[in-house]
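What follows is one structure encoded as structure tokens, with my remarks underneath.
The values are calculated or read from the model by the stated rules, or taken from the named source; none is laboratory data. Just so we're clear, the structure is a prediction, and the values are computed from it rather than from any experiment. Ideal geometry is used to build each Cβ from the backbone, glycine not excepted, and the neighbour counts take in all protein chains shown.
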Amino acid sequence: MHKHAVVALLSLNLLACANLSTQSLFSHYSAANADAHQAMQQGLYTEAAEALPDAPAGDILDGMERGRVHFVAEQYPFSFTALKHADMAVKEQQRQATIQLSEGINQAGALLTNDNMITYQPADYELGFLHLYLALNYLQQKNLEGALVEVRRANQVQEAARKQRAAELLRAEKEVKSKGINDNIGSVLARYPDAGEKLGAVQNGYLFYLSGVLYEADGDLNNAYIDYKRALAVAPGNLYIANTVLRVATVMNMTGDLKTLEARYGKYNKPAPNEGRVIIFDEQGVVQARDGWRLPLWLYDSRGDGVIYNLALPYYPTATMPRLTPLKLENNTVKGAQLADVNAMARNSLNEDLPVIVVRQALRVLAKNEVRKTAASKGNDVGNILANIFNTLTEQPDTRSWQSLPASVDVFHTDLAAGTHSLSWNGQQLNVDIKAGRTTMVWVSRQGNQVSWWSALLGGI
């Protein structure tokens with residue numbers, strides 16, 4: 001009888017989570033996405049698109065992954081559709097002022113299974129990239145107005161996400177105090193790898209700088225200047241950003257800022273009348289995928305018995321990113337400077353979420369142990385064994401993250417004589433048209449030995 005009760009409880013738990021795949025119960029996202037991630041690293045874009053798993057993490061993450069992979073595969077209509085689908089799913093998620101019944105069911109399921117049963121909420125930096133790639137899709141379609149809408153929305157969406165996460169952290173802190181497990185949680189967090197506190201790990205210099213370029217192309221120098229300065233705050237050593245801020249400050253006659261800027265970066269030199277500007281955004285590599293890490297946690301159960309549990313936590317292992325040979329513009333080496341370190345952004349985001357993740361894990365292992373001990377106390381050895389097996393198999397790390405993003409992004413710009421110029425890499429070539437007094441933007445993404453790229457003529461400079 002007791003055996004049936006335990007089996008029934010576990011079955012009800014599975015039914016509560018029936019909207020998610022068994023992959024979420026007994027494995028994790030990085031394992032399901034491994035083939036697509038590896039194909040992206042090798043520059044096999046079409047193969048990566050074909051290898052993407054069928055929405056194991058829901059509409060938002062699936063749409064973002066497909067949108068990015070199809071974009072580098074130059075399958076732009078598919079990319080645009082997938083990203084718009086993800087965007088609509090995010091809107092629906094953020095419209096919910098309170099947790100709905102469906103989410104409550106997922107939370108209940110997660111209490112006895114793992115965090116993969118909780119509806120995926122994209123990280124702040126991922127939301128920024130969602131709108132960044134929508135903006136790039138619009139640019140690729142030569143739709144500047146649509147691109148501007150996306151960069152405006154990016155800040156709004158990220159701000160809403162930050163408020164939501166702050167509320168979650170506060171709830172987690174209250175839960176820790178009510179359960180009396182402060183010290184236990186602290187011991188886990190103390191052993192966890194730190195992402196560091198660089199501003200570039202928190203804010204997206206790529207998004208800021210691209211936003212500035214688009215505002216300037218639209219003739220809105222004031223908003224362009226604001227976002228260029230934000231990009232410079234993220235990467236103050238990036239001389240390309242500094243030169244851009246100097247240029248716009250000079251045009252706008254920002255005398256107060258110019259004094260400080262010129263003291264550090266020197267004076268801005270105007271291009272010749274027959275020259276135009278080329279700006280190259282150079283995306284490189286593929287962001288790391290999360291892995292699983294098991295850590296011991298000592299807790300007391302409801303009977304006062306001390307038990308050591310193993311927490312299955314996501315983390316980013318130490319890895320060395322491959323160095324790519326430089327691009328060539330005509331016969332000159334393109335020496336870009338880093339605009340965004342996406343790996344650092346991903347690690348920092350996970351670190352910010354970690355207290356909430358650890359609290360959920362601690363509560364879950366206690367709940368699972370109660371199910372097991374209930375069976376054992378009734379002399380139900382079979383139920384106890386079943387509960388132990390279920391607990392072990394379902395304790396999986398939540399490795400969900402946007403894994404097709406680039407590892408890092410560089411920027412480069414220079415002034416060139418009007419005409420057609422050649423950008424080359426690894427035996428491949430892109431013709432770039434330069435017009436006097438205009439800006440040409442070049443988007444480049446390089447993985448393995450492959451490159452995806454295009455250029456767009458923007459407004460005046």
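Applying a threshold of 6 Å to beta carbon distances and a minimum spacing of six or more residues, or different chains, the list of pairs starting in the stretch 307-331 at a residue that is crowded, with 19+ Cβ neighbours inside 10 Å and part of a loop (DSSP other than H, G, I, E, B) and ending at one that is at pLDDT 90 or above and of a type outside the set (Val, Ile, Thr) reads TYR316/GLN288; TYR316/ARG347; LEU327/TRP425. In this entry, ARG68 passes the filter for residues that are at pLDDT 95 or above and closer than 21 Å to ALA123 by Cβ. The residues in the stretch 431-461 that are touching a helix residue (DSSP H, G or I) at 6+ places or on another chain (Cβ under 7 Å), in a strand (DSSP E or B) and small (Gly, Ala, Ser) can be counted, and the count is 4. ILE279 satisfies every condition listed in (1) under 18 Å from GLN338 (Cβ atoms); (2) part of a helix (DSSP H, G or I) except (2). Cβ-Cβ contacts under 8 Å between residues 6 or more apart (or on different chains), taken from a first residue in the stretch 210-232 that is without any contact (Cβ under 8 Å) to a residue 40 or more places away in the chain and of a type in the set (A, V, I, L, M) to a second residue that is surrounded by 16 or more Cβ atoms within 10 Å (Cβ to Cβ) and not in a helix (DSSP H, G or I), are listed as LEU232/ASN238.
Take the conditions closer than 24 Å to ALA147 by Cβ, buried (at least 17 other Cβ atoms within 10 Å of the Cβ), among the aromatic types (Phe, Trp, Tyr) and in contact (Cβ under 8 Å) with a residue 12 or more places away in the chain and apply them to TRP425. Does it pass?
On the way: closer than 24 Å to ALA147 by Cβ: no; buried (at least 17 other Cβ atoms within 10 Å of the Cβ): yes; among the aromatic types (Phe, Trp, Tyr): yes; in contact (Cβ under 8 Å) with a residue 12 or more places away in the chain: yes.
Judged against the criteria, TRP425 is not a match.
Of the residues TRP425, TRP402, the single one that is at pLDDT 95 or above, among the aromatic types (Phe, Trp, Tyr) and closer than 30 Å to ALA32 by Cα is TRP402.
The residue that is surrounded by the fewest Cβ atoms within 10 Å (Cβ to Cβ), counting only those in the stretch 29-72 that are of a type in the set (A, V, I, L, M) and outside any helix (DSSP H, G or I), is ALA55.
Checked against (1) charged (D, E, K, R); (2) at pLDDT 90 or above; (3) surrounded by 12 or more Cβ atoms within 10 Å (Cβ to Cβ), GLU168 passes all but condition (2). So which residues in the stretch 250-284 are within 33 Å of the chain's Cα centre (by Cα) and at pLDDT 95 or above, if there are any at all? Within the stretch 250-284, ARG277, VAL278, ILE279, ILE280, PHE281, ASP282, GLU283, GLN284 qualify.
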